[in-house]
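I have placed the structure first, in the form of structure tokens, so that the comments after it can refer back to it.
Nothing in this text is a laboratory measurement; each read-out follows from the coordinates by a stated rule. Small disclaimer: the values here were computed from a predicted structure and weren't measured. Methodologically, a virtual Cβ is constructed for each residue, glycine included, from the backbone with ideal geometry; neighbour enumeration extends over all protein chains shown.
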Amino acid sequence: MTGTELASGRARIAEPGEGIGLDELALAARNHGMPLEALRYDVTPPGLHYVLTHYDIPAVDPAAWRLEITGAVRRPLRLDLDDLRDRPAVTSRVLLECAGNGRARYEPRPVSQPWLLEAVGTAEWTGTPLAPLLAEAGVSPEAVDVVFTGADHGVERGVEQDYARGLPLAEALRPETLLVWGMNGAPLPPQHGAPLRLVVPGWYGMAQVKWLTRIDVTDEPFTGFQNATAYRIKVDRDEDGEPVTRIRPRALLQPPGWPEFMTRERFLRAGDTVLTGRAWSGRAPVGQVEVSTDGGTTWTEAALDPGDPAHPFAWRSWSCGWTARPGRWELLARATDETGESQPVEQRWNRQGMENNLVQRVPVTVLG
């Protein structure tokens with residue numbers, strides 16, 4: 001990347017035929033996805049849940065840690081963990097997905113964290129709703145955004161920064177938006193944001209700020225790097241683009257049979273089998289999942305679990321019967337949410353590799 005590109009915050013696009021570089025490999029080694037066989041779990045074990053850290057995992061002393069709520073408020077707050085735990089606690093099962101999930105499958109490939117399809121997981125997050133804390137602080141009538149700042153600090157495209165994301169006030173005030181200190185019944189692990197993180201159900205992972213230190217209410221839209229430069233849907237270099245917000249619909253197939261070590265191609269015995277997986281959308285409930293076993297020529301509607309009303313922000317399981325005959329097959333799964341939005345079968349490319357919910361394709365060799 002040139003100095004001009006660094007200064008402008010432009011994302012680099014891989015040259016034709018350019019393979020994954022050492023920088024991308026280093027990112028892939030420290031950020032890990034959820035093995036797709038873990039789709040079997042309703043709640044993803046913490047060690048299998050996907051992880052993305054922009055910079056280093058910060059060293060935070062929970063005893064000395066404090067959260068400040070300030071800005072366009074009448075009564076700024078300074079809280080420790082005990083102050084937060086004294087408030088009403090909520091446990092919510094919420095799916096998180098990285099906005100860059102599927103980036104490595106774009107052609108041409110945006111150069112960044114090279115996610116395939118594994119940047120996802122569903123956990124039970126324990127914390128307290130944010131809205132009552134903002135009410136206690138007394139939000140100004142002129143407030144428009146709430147800015148969340150983490151303890152993680154680094155340089156991105158030439159800009160030194162603490163990781164900070166702004167959220168529209170209405171989203172911050174949703175009763176489902178939580179300040180979280182627990183994951184799956186245990187304290188937050190360091191890589192998941194200990195001692196405190198934000199969870200905003202339905203939004204892509206970039207909104208779920210970890211290692212929280214500050215919450216600033218602002219009377220102007222937040223124009224920090226992570227909102228104005230990163231996480232934008234743009235095709236041309238110089239356009240402003242649209243912000244990344246809520247998760248687009250996706251279905252994933254739990255890989256059937258067994259894999260080849262290097263290629264991960266699947267092998268399966270001939271006969272009747274049941275294909276299973278998970279589906280989700282952050283924009284509306286999933287209304288339908290379809291499966292193709294012939295590369296997308298024909299589609300069969302899968303049986304979609306009705307979901308648990310107690311967990312409206314979790315993924316939903318689906319299943320579809322298949323009589324597997326010997327030969328090579330390509331399995332596809334696609335979700336449609338209740339707004340009518342379906343996963344595309346052709347890519348909708350953008351420069352930063354965001355929101356790539358292209359249908360999954362799973363090559364399978366069925367043995368006689």
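Close amide H contacts of residue 183 (hydrogens built in the peptide plane, cut-off under 5 Å, sequence separation of 5 or more or a different chain): 126, 188. Could you work out how far apart the two model spin labels at residue 142 and residue 274 are, taking each label as a point 7 Å from the Cα in the direction of the beta carbon, and quote it in nm? Simple spin-label model gives 6.0 nm for this pair.
Derived scalar couplings between HN and Hα for segment 325-335 equal 9, x, x, 9, 9, 10, 9, 10, 9, 9, 10 Hz in order, rounded to whole Hz, by the Karplus curve 6.51 cos²θ - 1.76 cosθ + 1.60 (θ = phi - 60°), x for Gly and Pro.
Evaluating 6.51 cos²θ - 1.76 cosθ + 1.60 at θ = phi - 60° for every residue in segment 254-265, the Karplus couplings come out as 5, x, x, x, 9, x, 7, 4, 7, 7, 6, 4 Hz, glycine and proline recorded as x. From least to most packed, judged by other beta carbons within 10 angstrom and beginning with the fewest, 336, 297, 122, 365 follow the order 297, 365, 336, 122.
Each of residue 338 and residue 15 was given a label point 7 Å from its Cα along the Cα-to-Cβ line. The distance between the two points is 5.1 nm.
Over 26 Å, how big is the tail of the calculated P(r) for the chain, in percent of all Cα pairs? Present the calculation step by step, with values, prior to reporting the outcome.
Values: 35584 of 67528 pairs.
Taking all Cα-Cα pairs of the chain, the fraction more than 26 Å apart is 53 percent.
Three principal axis extents of segment 250-367 based on alpha-carbon atoms, in descending order, are 40, 37, 27 Å.
Tell me which of 22, 261, 353 sits at the most positive position along the dipole axis of the chain, charges placed on C-beta atoms (Lys, Arg +1; Asp, Glu -1). It is 261, whose Cα lies furthest towards the positive end. The charge dipole of the chain, taken about the Cα centre with unit charges on the Cβ atoms of Lys, Arg (+1) and Asp, Glu (-1), comes to about 620 debye, rounded to the nearest 20.
Give me the extension gain from residue 303 to residue 345: residue separation times 0.36 nm, minus the current Cα-Cα distance, reported in nm with one decimal. Please report the intermediate quantities before stating the final value.
On the way: separation 42, 0.36 × 42 = 15.12 nm, distance 2.08 nm.
Stretched fully, the residue 303-residue 345 segment lengthens by 13.0 nm.
Each of residue 283 and residue 186 was given a label point 7 Å from its Cα along the Cα-to-Cβ line. The distance between the two points is 3.6 nm.
Across segment 348-359, computed HN-Hα scalar couplings (Karplus, 6.51 cos²θ - 1.76 cosθ + 1.60, θ = phi - 60°) run 10, 6, 8, 5, 9, x, 9, 6, 7, 9, 3, 4 Hz from first to last residue, x flagging Gly and Pro.
Of the DSSP beta bridges with both residues in the chain, give the percent that are antiparallel, rounding to the nearest 5. Display every interim value, and only then the final one.
Numbers: 74 of 84 bridges.
Bridges in the chain that DSSP calls antiparallel: roughly 90 percent.
Let me spell out the model: positive unit charges on the Cβ of Lys and Arg, negative unit charges on the Cβ of Asp and Glu, origin at the Cα centre of segment 11-74. What dipole size does that give, in debye rounded to 20?
Working: 5 positive and 9 negative charges, 68 e Å.
Dipole size: approximately 320 debye.
I'd like the projected area of segment 1-139, averaged over all directions, using the convex hull of its alpha carbons. Report it in nm² with one decimal. Taking a quarter of the hull surface, the average projection is 12.0 nm². When +1 charges are put on Lys and Arg Cβ atoms and -1 charges on Asp and Glu Cβ atoms, the dipole computed for segment 250-367 relative to its Cα centre reaches about 360 debye.
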